[in-house]
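**Q** Right, I'll just put the structure down here and ask away after.
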Amino acid sequence: MTRAVLAPSMQCASSVAELRTLLNAAREAGRRIGFVPTMGALHAGHAALMRAAGAGGDLVVVSCYVNPRQFGVGEDLERYPRTPDVDRRVADEGGVDVLWLPADRDVYGSAELPDAVTDAGPLGDRLEGAARPGHFDGVVAVVARLLTAVEPDVLYLGEKDYQQLVVVRQLVARLGLPVSVLGIPTAREPDGLALSSRNAFLTPAEREAACAMPRALAAAEALVADGHTSADAIEAEARAVLDAEPLATVDYVQLVDVDGLERTASLDGPGVVLLAAHVGATRLIDNRLLTPPQLRIEDTP
Ligand code: AMP
């Protein structure tokens, strides 16, 4: 059953002016605004963000916009999946109040949105940023514009794109924006593969091979549960699983701290292991938060 049966239907906007008209009415009625920016091709991972945004009773705004500036030369901008009918359905069923579908001119051609923010800072050049030069500059450029248009109270981002979450937290702090940034845990297929719009590119054999990603994370987690804290050992454990998969080519496996994503030699506090690998022609990323056993709350008597 769609939500439309139970509640007023979702409203759609394309221009910034249309969006603001809808949001101002809600604001004047005292509603807080929760915002979920996406590139469309909506799936259950996006729906988890929508549910989290709706849980607090806020007005839920979702944007679907494939941001050309975050794709490098030779990346998959042209073939990135675009599924507007599915997006409308998933958003409606996900309890979204306002679906914003801007065109390029609405995001980059609008004099109302800032043009000043184009630099992700030093973190933008490492890990994903090293593999995809300019990617995070494109991310902060679009996020700064989307936040200016929506002016949300809470911004919901997936932990699936962990580095993006940290880059955006840093952006919000740098600009002094009055918005809370919440990271939402990764939604996964039953076999552990993180949901991603790019999974649609995988052939059946590659789809099976992609399970090496969650297996590598589980191996790292098991090593930590056994009391190992050496970053070299944890990374080697995860890498061995990926290396054993003939269709996977590792880009990086790195254990880093949760806030600044600096490599840590030893897991003495909460950390996150980040993976990137090509499976066939498709680049996949995943990560897992790791906590040494002595710091786990459930282990304390
Ligand atoms: P995208 O459309 O891929 O740019 O993603 C839009 C938002 O959804 C980002 O904040 C992503 O981190 C988040 N997201 C994507 N996949 C997942 C997932 N499997 N679980 C949770 N959040 C996700």
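**Q** Two decimals, Cα atoms only, Kirkwood Rh: what is Rg/Rh over the stretch 1-150? Mind showing how you got there, number by number?
**A** Working: Rg = 16.0 Å, Rh = 16.3 Å.
That ratio is 0.98, to two decimals.
**Q** Mean residue ellipticity at 222 nm from the helices of the chain, using -39,500 (n - 2.57) per DSSP H segment of n ≥ 4 over the full residue count, to the nearest 500 deg cm²/dmol? Walk me through the numbers before you get to the answer.
**A** Details: 10 runs with 107 residues, N = 301.
Result for the chain: -10500 deg cm²/dmol, rounded to the nearest 500.
**Q** Here is a follow-up. Modelling each spin label as a point 7 Å along the Cα-to-Cβ direction, I'd like the Asn24/Arg89 distance in nm, to one decimal.
**A** That separation, rounded to one decimal, is 3.6 nm.
**Q** Send over a whole-number figure in Å² for the accessible area per residue of the chain, probe 1.4 Å.
**A** For the chain, the solvent-accessible area averages 45 Å² per residue.
**Q** Let me check I have the definition right: for the stretch 203-244, take the eigenvalues of the Cα gyration tensor, multiply each by 5, take square roots. What are those semi-axes in whole Å, largest first?
**A** 23, 9, 5
**Q** For the chain, what are Rg and Dmax over the alpha carbons, in angstrom?
**A** 19.7, 58
**Q** Only sites in a loop by DSSP and with at most 15 other Cβ atoms within 10 Å count here; which GluC sites (Glu not before Pro) in the stretch 68-126 make the cut?
**A** Glu75, Glu78, Glu112
**Q** Quick one: putting +1 on the C-beta of Lys and Arg, -1 on the C-beta of Asp and Glu, what dipole do you get for the stretch 132-263 around its Cα centre, in Debye to the nearest 20?
**A** For this selection, approximately 480 debye.
**Q** Which length gain, in nm to one decimal place, applies between Ala103 and Arg169 when the Cα-Cα distance is subtracted from 0.36 nm times their residue separation?
**A** So the chain would gain 21.2 nm between Ala103 and Arg169.
**Q** Right, something else. Treat each spin label as a single point 7 Å out from the Cα along the C-beta direction, and report the Ser9 to Arg263 distance in nm.
**A** Result for the modelled spin labels: 5.4 nm.
**Q** Which one, Pro37, Pro190, Ala212, is farthest towards the positive end of the dipole of the chain when Lys and Arg carry +1 and Asp and Glu -1 on their Cβ?
**A** So the residue we want is Pro37.
**Q** If you don't mind, there's one more thing I want to ask. Given just the C-alpha atoms of the stretch 161-301, how large is their convex hull per residue in cubic angstrom?
**A** So the per-residue hull volume is 131 Å³.
**Q** Can you pull the three principal axis extents for the Cα set of the stretch 101-198, in Å, largest first?
**A** Here the Cα extents, ordered largest to smallest, are 46, 28, 27 Å.
**Q** May I ask you to derive the FRET efficiency for Thr148 and Arg82 from their Cβ-Cβ distance with R0 = 22 Å, giving the value to the nearest 0.05?
**A** Calculated transfer efficiency: 0.35.
**Q** Using 1/(1 + (r/R0)^6) with R0 = 41 angstrom and r between the beta carbons of Ser180 and Ala244, what's the FRET efficiency to the nearest 0.05?
**A** 0.50
The values are calculated or read from the model by the stated rules, or taken from the named source; none is laboratory data. Just so we're clear, the structure is a prediction, and the values are computed from it rather than from any experiment. Because the Cβ atoms are built from the backbone with ideal geometry, glycine has one as well, and the counts that use them run over all protein chains shown. Accessible surface is based on the protein model in full, side chains and every heavy atom, while ligands, DNA and RNA are left aside. Shrake-Rupley method; radii C 1.70, N 1.55, O 1.52, S 1.80 Å.
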